[in-house]
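The values are calculated or read from the model by the stated rules, or taken from the named source; none is laboratory data. Quick caveat, the model's predicted, so the values are computed rather than measured. Cβ: placed from backbone, ideal geometry, glycine included. Neighbour counts: every protein chain shown.
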Amino acid sequence: MSEIPAKATESEDPSDGAGAGAAGTSAAHATSGAAGRTGLSSGDGRGDGRDRDDVPPGDAMWQSSPPGSIYDYIKVASFSIGPDGLVDQWSLRAEHLFGIPAGQAVGMDPIEAFIDPDLRDQGQRKMAEILDGREWTGVVPFRMPDPADGDGERGRQGLAEVYVMPTRTEDGEKAAVCIVVDVRTLRSMETDLAASQAIFSQTPFGFLLIDPDLRVRRANQRFASLFGGSPDEHRGNGVHDYLPRPEAERVTATLRRVLETGDSITDMHITGFLPGSDERRHWSINLYRVHSGSGRPIGIAWLGTDITARRAAAREAAAARRNLALLNEAGARIGNSLDLETTARELLDVVVPGFCDLATVDLYQGLLAGDETPPGLADGSAELRRVAFASAVSDAPFVGGGAPVAVGAVHHYPFNSPCADALRTARPLRVPGEEGGLVQSTLVVPMVAHDTVVGLAQFARTKGSEPFGDRDQDLAVELAARAAVCIDNARLYRREHERALILQRSLLPPGDPVASGLDIACRYLPGNSSADRPSEVGGDWFDVIELPGHRTALVVGDVMGRGLRAAVAMGELRSAVRTLALLDLEPAEVLSALDEIARGLGAPGGVQQATRAARRPREADLSEVYLATCVYAVYDSVTRRCTFANAGHLPPVLVEPGEAALMLDVPPGMPLGVGGEPFEEVEVELPEGALLALYTDGLVESRDHPLDEGLQAFVGALTDPSRPLEDVCDHVLNTLDTHHGEDDIALLMARVQGLPADWVGDWTLPREPRSVGRAREYARGRLLSWDLEPLVDTTELLVSELVTNALRYGEGEIRLRLLLDRTLVCEVWDSGLVQPRRRRARDTDEGGRGLQLVGLLSAAWGSRRTPRGKTVWFELPLPDGETGLRDPAEALLSLF
């Protein structure tokens, strides 16, 4: 072990000054309390008193060390050495420092106990000098004896700064008092002090140390640079010296809570002003309680940073997020409906109250009425209709200068008003509020869609709200533009929808259909519109077609899909059905022909091109597929028999008198457009008074319930078929109101009223020349019995022509039938298959004018095939005083 590095009282190293000063201070305290062995201080004095500048000097000797004093950190130890050079007093701090209890230490030779053997001689000489009355200060290495080792050769190494002061006992003998400090603790304190001083002075944050009286004990340079003066000039200031009264009281209460509870405060925001500035500043402060080395609270650390720029950036970011949220909400909520008024209200639902307090939407009245370019549109003088208004303030006035405008009212803005100017220039304007009014500022924003101004939106904020800025104006323009596009789309949709409805209605039978032997009632309802599915035209249709022989074709069909495409396809199929029906084909043949036509609708080249495309998969994708379902029925009023054919449609429903309604078992077949499958026919005899119902799936099918449930509900609604047909239709629709609504509805109902037997004349004639005269006699007699004498001559002439043709060109026996209903129908049947053909006879021809004569004298005529031949017929109107009959003689002369 090296020599004892003794050093003088004055330190050679500046860094040792703290240690020397501390030792000197400790020695002063020790000597002041140790007049003798009984009065020697242990250096462990601790008190709860505070270091106050106003302590009376006479009481200083009775003051305990203040909280946080240097002694709490240095841990000064002391012991005394008697005249014999042995320890005669050992303090508690010495026990802690050296690890030797007082009972063991008293009586020890400190040189022998703590100094290495190589240095003991030198130590003994120093001890002799000390006991001789010489003071000494130096740094002494020592070894703490290991209690487990009796010889003391092993133990923890240490380095102590020792201050030895000579003294005398009560007997006058020379002794010494030793003040000891652990050098390592001193060096650690010096390092910590230097680091603390650097952190306190060099931190970019405002740093305050506030004492328990909530006064500034110390401030760093950063804080002083903000509030002026030097750091020392801020000593003794309180919170009220820096902050406005309400804010200062809030911060003071927080400081007291931190001091009492020890709970830290993180990122507490306060607001104030810098000296000489009117700009409001914002700070974020962190507060925590500071303790002494012994754990006593000695104050509060205040760490603050200026967050004014951060707050401004946060506000900008919050405004941007709010604007993005409004735009996102606008994209989700505006335009869900293709209704103009609803779209305008959706815009106001988004902006009030999230963006403004009051808002209105005005649209050009001409555009709402369907005009393409209403007059005055360019100069802003055209009439507008207020379609929406919203307010977040009770009893708030309508936005806009002049008299208030109610929702739904038509008005126009004065030419020199800001609103008219915005409409003319298509640019937004900011209009300040009137003095003393409720509105603070207003944004007047034209609604522009596809370079066309469709209306005007006004957004207003009331007094107390933040005025509109540039960012708000940009957001208002974006919101108005989005709403304008949706409104313009709704306007275009409304126009196209109305045109499609006009087209669809033009394809349906006009008025109430009339049929021989049937009482007809019908209903057609377009699909209901909803928020998520606007109303569109569909492909449902029905038709009632009069056929020769007082027969009637009943048709109900449904083209799959919706929109104008389905409506056009429906029109083509309906026209084809009427054409095929007039050819008097059987129901199954009509559906087969319709199937071919439907297959050709989607191909430019017709059915042949569609068939070729179906054989080539790549070309099949280029052809549209039109599928439709259809029920075709032909009713004969004479026999009361009805023949049905079905192409994938729902079955007809029959209600017989006194019986429950039932669905007819008609084979459904494949839908039209599929092709490849034949259609079957079912013939049913309908009793007098029976009710027949044909319908489309919109009546019974819904997303809310299965189809079977809807069919059962429909059958159950037909409980009283004896009621008037109009009432029955209304009852069915009202009963099934909860079962339909998404699709179009077509309902065709017919009550059977067969032709009375005495209104039918039916005769069989042999194949001989006398049958012509006999046919005239039969016809005359029956017409006279029906009181139709004005028709006798014309009927005899035309009957003789048809019977003559049957004898000349036909085969088998001849059948003559007269039918009386709304018109007089005459039919001549034979077994020949050759259809009569009308031709123009030359002037020199003796014959060939019979069918020409029939065409001239009858209201209609024609021929049709029958299972056993053909039928040639003509029709005459009944003499009602309005329709005059042509004179047969004049008709004959007109042929030459």
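Using the structure shown, decide if Asp720 is assigned to a loop (DSSP other than H, G, I, E, B), in the same structural domain as Ala566 (by TED's automatic domain parsing), among the acidic types (Asp, Glu) and over 15 Å from Asp540 (Cβ atoms).
yes
Would you mind stating whether Leu338 is in the same structural domain as Arg471 (by TED's automatic domain parsing) and either among the acidic types (Asp, Glu) or assigned to a loop (DSSP other than H, G, I, E, B) (or both)?
yes
Looking at Ser277, Ser284, which one is in a strand (DSSP E or B) and either touching a helix residue (DSSP H, G or I) at 6+ places or on another chain (Cβ under 9 Å) or on the phi < 0 side of the Ramachandran plot (or both)?
Ser284
Considering only segment 554-581, state which residues are within 15 Å of Val634 (Cα to Cα), without any contact (Cβ under 8 Å) to a residue 60 or more places away in the chain and not charged (D, E, K, R).
Hits for segment 554-581 are Val577, Thr579, Leu580, Ala581.
Which condition number does Arg322 fail, the rest of (1) farther than 23 Å from Gly469 by Cβ; (2) among the basic types (Lys, Arg); (3) touching a Gly at 6+ places or on another chain (Cβ under 9 Å) being met?
Looking at each condition in turn, Arg322 falls short on (1).
With the requirement that a residue be part of a strand (DSSP E or B) and over 20 Å from Asp558 (Cα atoms), what does segment 688-714 give you?
Once the filter is applied, which keeps residues that are part of a strand (DSSP E or B) and over 20 Å from Asp558 (Cα atoms), segment 688-714 yields Leu691, His705.
Test Asp821 against the stated conditions and say whether it is free of Cβ contacts under 8 Å to residues at least 12 places away in the same chain and out of contact with any Phe, Trp or Tyr (no Cβ under 6 Å at 6 or more places or on another chain).
Against the criterion (free of Cβ contacts under 8 Å to residues at least 12 places away in the same chain and out of contact with any Phe, Trp or Tyr (no Cβ under 6 Å at 6 or more places or on another chain)), Asp821 does not qualify.
Results for (1) touching a Phe, Trp or Tyr at 6+ places or on another chain (Cβ under 6 Å); (2) modelled with pLDDT under 90; (3) over 16 Å from Leu209 (Cα atoms), shown as yes or no for each residue.
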{"site": "Gln221", "(1), (2), (3)": "no, yes, no"}
{"site": "Leu226", "(1), (2), (3)": "no, yes, yes"}
{"site": "Asp232", "(1), (2), (3)": "no, yes, no"}
{"site": "Val239", "(1), (2), (3)": "no, no, no"}
{"site": "Leu243", "(1), (2), (3)": "no, no, yes"}
{"site": "Arg250", "(1), (2), (3)": "no, no, yes"}
{"site": "Leu259", "(1), (2), (3)": "no, no, no"}
{"site": "Arg280", "(1), (2), (3)": "no, yes, yes"}
{"site": "Ser284", "(1), (2), (3)": "no, no, yes"}
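At pLDDT below 85, within 14 Å of Val177 (Cα to Cα) and not hydrophobic (A, V, I, L, M, F, W, C), is that true of Gly133?
Here the answer is yes, as Gly133 does meet what is asked.
When the residues of segment 200-215 are narrowed to those that are hydrophobic (A, V, I, L, M, F, W, C) and over 14 Å from Tyr288 (Cβ atoms), which ends up modelled with the lowest pLDDT?
Phe200
Note down all Cβ pairs under 9 Å where the first residue falls in segment 209-230 and is touching a residue at least 40 places away in the same chain (Cβ under 8 Å), the second is among the basic types (Lys, Arg) and assigned to a helix (DSSP H, G or I), and they're at least six residues apart or on different chains.
Leu214/Arg256
Out of the residues in segment 736-759 that are crowded, with 18+ Cβ neighbours inside 10 Å, in a loop (DSSP other than H, G, I, E, B) and charged (D, E, K, R), which is modelled with the highest pLDDT?
Among residues in segment 736-759 that are crowded, with 18+ Cβ neighbours inside 10 Å, in a loop (DSSP other than H, G, I, E, B) and charged (D, E, K, R), the one modelled with the highest pLDDT is Asp744.
A quick yes/no check of all residues on (1) assigned to a loop (DSSP other than H, G, I, E, B); (2) at pLDDT 85 or above; (3) surrounded by 15 or more Cβ atoms within 10 Å (Cβ to Cβ):
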| site | (1), (2), (3) |
| --- | --- |
| Gly150 | yes, no, no |
| Ala176 | no, yes, yes |
| Val181 | no, yes, yes |
| Ala195 | no, no, no |
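Let me confirm something: among Gly648, Gly658, Gly673, which residue is free of Cβ contacts under 8 Å to residues at least 40 places away in the same chain, touching a strand residue (DSSP E or B) at 6+ places or on another chain (Cβ under 9 Å) and of a type in the set (Gly, Ala, Ser)?
Just one listed residue meets the conditions, Gly648.
Being over 27 Å from Tyr635 (Cα atoms) and either at pLDDT below 85 or among the basic types (Lys, Arg) (or both) is the filter here; which residues of segment 711-734 pass it?
Within segment 711-734, none qualify.
Does at least one position in segment 852-870 carry a residue that is in the same structural domain as Thr804 (by TED's automatic domain parsing) and modelled with pLDDT under 75?
No, segment 852-870 has no match at all.
Would you tally the residues in segment 800-818 being touching a residue at least 40 places away in the same chain (Cβ under 8 Å), among the β-branched types (Val, Ile, Thr) and closer than 14 Å to Ser863 by Cα?
Residues in segment 800-818 being touching a residue at least 40 places away in the same chain (Cβ under 8 Å), among the β-branched types (Val, Ile, Thr) and closer than 14 Å to Ser863 by Cα: 0 in total.
Out of Gln440, Gln473, Gln458, I need the residue that is touching a Lys or Arg at 6+ places or on another chain (Cβ under 7 Å) and part of a strand (DSSP E or B). Which one?
The match here is Gln440.
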